[in-house]
1. How do the pairs read when you match residues in the range 143-159 that are surrounded by 18 or more Cβ atoms within 10 Å (Cβ to Cβ) with residues anywhere that are among the basic types (Lys, Arg) and in a helix (DSSP H, G or I), using Cβ under 7 Å and keeping only pairs 6 or more apart or on different chains?
2. All but one of (1) among the aromatic types (Phe, Trp, Tyr); (2) under 22 Å from Leu32 (Cα atoms); (3) under 39 Å from the mean Cα position of the chain (by Cα) hold for Phe125, so report the exception by its number.
3. Search the range 467-479 for residues that are outside any helix (DSSP H, G or I) and pair each with any residue that is open to solvent by 10 Å² or more (accessible area, probe 1.4 Å) when their beta-carbon atoms are under 9 Å apart and the residues are at least 6 apart or on different chains.
4. When you scan the range 5-46, how many residues do you find that are of a type outside the set (A, V, I, L, M, F, W, C) and more than 20 Å from Gly66 (Cα to Cα)?
5. Going through the range 386-409 one residue at a time, which ones are of a type in the set (Gly, Ala, Ser) and closer than 21 Å to Lys353 by Cβ?
6. In the range 524-535, is there at least one residue being surrounded by fewer than 18 Cβ atoms within 10 Å (Cβ to Cβ), in contact with a strand residue (DSSP E or B) (Cβ under 9 Å, 6 or more places away or on another chain), modelled with pLDDT of 85 or more and under 17 Å from Gln356 (Cβ atoms)?
7. Restricting attention to the range 324-380, report how many residues are open to solvent by 20 Å² or more (accessible area, probe 1.4 Å), within 14 Å of Leu536 (Cβ to Cβ) and not charged (D, E, K, R).
8. Tell me the residue from Val360, Val405 that is more than 20 Å from Pro337 (Cα to Cα) and touching a helix residue (DSSP H, G or I) at 6+ places or on another chain (Cβ under 7 Å), please.
Amino acid sequence: MGKPNKTAAQRALAACRGAFVAVAFFSLIVNLLMLTVPLYMLQVFDRVLSSRSEETLIMLTIVAAGAFVLLAAIDIVRSRVLLRASTRLELELGGEALMAAISSAVHGGGHSAQALRDVNQLRSFLTGSGVLALFDAPWTPVFIAVIYLFHPLLGTIALVGALLLFVLAVVNDFATRKSLTSANAASLTALNTAQASIRNADVVEAMGMAPGVLKHWFADNVQALGLQLRASRRSGNITSVAKALRLMVQILMLGTGAYLVIYQELTPGVMIAGVLLMARALSPVERAIGVWRSLIATRVAYGRLNEILTAWPRRESTMELPRPDGRLAVERLIYYPPDGNKAILKGVSFELKPGQVLGVVGPTAAGKSTLAKLLVGSWQPTAGKVRLDGADVYSWNRQSFGQHVGYLPQDVELFSGTVRDNIARLGEVDPEAVIAAARLAGVHDMVLRLPSGYETEIGDGGEFLSGGQRQRIALARAMLGQPCLLVLDEPNANLDTAGEKDLLVALSEAKAAGMTIVIITHRRSILEVVDKMLVLNNGVMEAFGPRAEVVKQLTQRAGAAETDQPATLPKLSLKRATEKSL
């Protein structure tokens, strides 16, 4: 069996492997240069003081100063290499994380940008002091070995001290990991609650929901703070014990060294050098305990990134296909939501020729919006296919596919920027194409009446526009480039009478231009332009065919249902819902 493919996060770390190797090499030099002070003290106590040689002292001082200058230079280089590695990591992972977050949101996995915050957590850790402690820790045995060369008793004390600190680090992990992981989850829940409240601020304010929102946020936030407090308390206690232990070991080393000096088993210089080396040996372990919270947060962030990048990988680019004519074929379409056990669509099949207009109607939760997402390739069918000119729309190169398809979702979202930016789909598009799309959608005159026309800033999500204006600009965005397939989900939901008339004119022109159009609607007026109708009920096709025939069938069924027995009443709900839309 071959090796499993690496995740995007693993590939990003692998891309930074050269930088990590360089940092490890520089850490070797840094730790060797850290021997400067112990060796300097050793020579001063054992050679300079006994010989009273000023020349030796001056030369030792010059050499030590040069070593410190080199140490500073290499430490700067090491920090810069880590900074470049962290930047590359964010560049490698940022786009993948954003695409995975978008895919997750499309499939109902949440609209949080937590994946990007996790990437930022990884970058921040790589630029902090915690990662340097990890690179310095492997040199602890080397320093202990040097102390052993000074005297086995001193080496034993240093080894026991290092082992005790390591045990404290392990205890710190066990004592705080569960609390910090739960705290991060609760904090994320509280953040999502706050984001949802901000997105729906007008609803919260209008209906006095602020106390309820605050209650939910406060409950999650208090839980997160409590767990963080517990973990911080435990970590703080262990950090204090570790600091006291290090000082005790230093005193023990100094006292033992003095004892050995008294009995002439050591020189004073060796005693001082041993104490300094021990402090350097234990420093990385103590620093690692101090940054343990950051290390755990980084590990959790990396785990979340791996999870979302594995669950929602970026689609592989495929060969670009020629512009389609607009032949749409839906083949036995079945769709189960992720982690769901109930099908939303059950064997839906139909075909449309180029230039035909289909109206999709049915009661709430019939699967209409799900069908729209499958038609434009946002969701992958559980079974069956959606084909445009014979090609599977889900596996089509997304950038190429987007040039041939227009989509207006039920919940319209615009991007911060200008009207022109939004109609141009945030791309570099010829202004004539933007104006052509606006004219086709019947919004050109409306845009010209805005304060700066096409250069009007619409604010975050189009907050400076009315609901109808947002929907009409989104329609122009969908019609950019005269797509072959146009899928509209409740395109007149926020339109007034005048706006609906403009929409009908726009649809008639799009139909005349040869676009294949699918319209999901509950209003009768917009069905005047459709050629065929599809009636969905609980994910099942109730009827499909020419509009006049389907309307006739529904009318006959509705009339029969009114005189039928109570056993047929479930059918009546669909007929009444459909009649309302007609």
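The values are calculated or read from the model by the stated rules, or taken from the named source; none is laboratory data. A quick note: this is a predicted structure, and the numbers were derived from the prediction, not measured. Please note: Cβ atoms are built from the backbone with ideal geometry, for glycine as well, and neighbour counts cover all protein chains shown. Calculation scope for accessible area: heavy atoms of the full protein, side chains included, ligands and nucleic acids excluded. Shrake-Rupley method; radii C 1.70, N 1.55, O 1.52, S 1.80 Å.
1. Partner pairs satisfying both residue conditions: Phe143/Arg280.
2. Result: Phe125 passes all but (2).
3. Met479/Ala436; Met479/Leu440
4. Within the range 5-46, residues that are of a type outside the set (A, V, I, L, M, F, W, C) and more than 20 Å from Gly66 (Cα to Cα) number 8.
5. Gly390, Ala391, Gly406
6. Scanning the range 524-535, I find at least one residue that is surrounded by fewer than 18 Cβ atoms within 10 Å (Cβ to Cβ), in contact with a strand residue (DSSP E or B) (Cβ under 9 Å, 6 or more places away or on another chain), modelled with pLDDT of 85 or more and under 17 Å from Gln356 (Cβ atoms), so the answer is yes.
7. Total satisfying the criteria: 8.
8. Numbers: Val405 fails: touching a helix residue (DSSP H, G or I) at 6+ places or on another chain (Cβ under 7 Å).
So the residue among Val360, Val405 that is more than 20 Å from Pro337 (Cα to Cα) and touching a helix residue (DSSP H, G or I) at 6+ places or on another chain (Cβ under 7 Å) is Val360.
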